[in-house]
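To start, the structure under review is shown below, and the notes come after it.
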Amino acid sequence: MILPPIGHRRVIDRELSDFFHTHRKPMFNRAISRLCRFYNVRRPRISWFEYLDWGKTAGKTYHDGRIHLVHPENWKRGRVYNTERMWVQMIYHEMAHYLFWTDAESKADLFMRRMVSRLRPLRARAAVLPACGARPHAVRWPHDPGVNGRAGSPKIAGPSEHAACARRKMGAGRR
């Protein structure tokens, strides 16, 4: 998994911790923006709540990129696990959901393009099977440019080479 460099993570963590204590929104926005800038994604739409799911949930990420979070003021009240570290880790957890869920269509298209890139067309790769039923074999000719244009590179033997092979077999049987 690719993570931001340790220096960036320390800055992000410090800004989230400061937000937990001071409740200054620009600190939180900077931390989230830094994280999104590193991963090259849009900033999520974040909504603050006093509680989610009757106090059972600390944050919730939706497939459309919205994140619902419990505000630190409310996190400190009425929770068994009300520490700053737990809140910051909850933010990281919800951001991970956002990073892995967001923009699924373009990720699928990118995956498709990467799977198909650098593949040769099917016609160029298909070896012609000779009539004698022999399997195609790679032949090296030091003077002949092969598949990639360099001398001495492997080249799939064509029909004429297989015909010569078949003639040799037939000639050996007549003697």
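No value in this document is a laboratory result; all are computed from the given coordinates. Every value quoted in this text rests on a predicted model; they were computed, and no experiment measured them. No Cβ is skipped: glycine too gets one built from the backbone with ideal geometry, and neighbour counts run over all protein chains shown.
If the chain linking S47 and R77 were pulled fully straight, counting 0.36 nm for each residue of separation and taking away their Cα-Cα distance, it would gain 8.9 nm.
Footprinting exposure proxy ranking of V116, V70, fewest other C-beta atoms within 10 angstrom first, gives V116, V70. When each of W54, W48 is scored by the number of other beta-carbon atoms lying within 10 Å, the sequence from fewest to most is W54, W48. For the stretch 6-103, a simple Cβ point-charge model (Lys and Arg +1, Asp and Glu -1, everything else neutral) yields a dipole of about 240 debye relative to the Cα centre.
Is the C-alpha gyration tensor of the stretch 6-103 telling us rounded, prolate or oblate? Criteria: a/c under 1.5 is rounded; beyond that, a/b larger than b/c is prolate, otherwise oblate. Oblate, because a/c is 1.5 or more while a/b does not exceed b/c. Per-residue Cβ neighbour counts within 10 Å put T22, T57 in the sequence T22, T57, beginning with the fewest.
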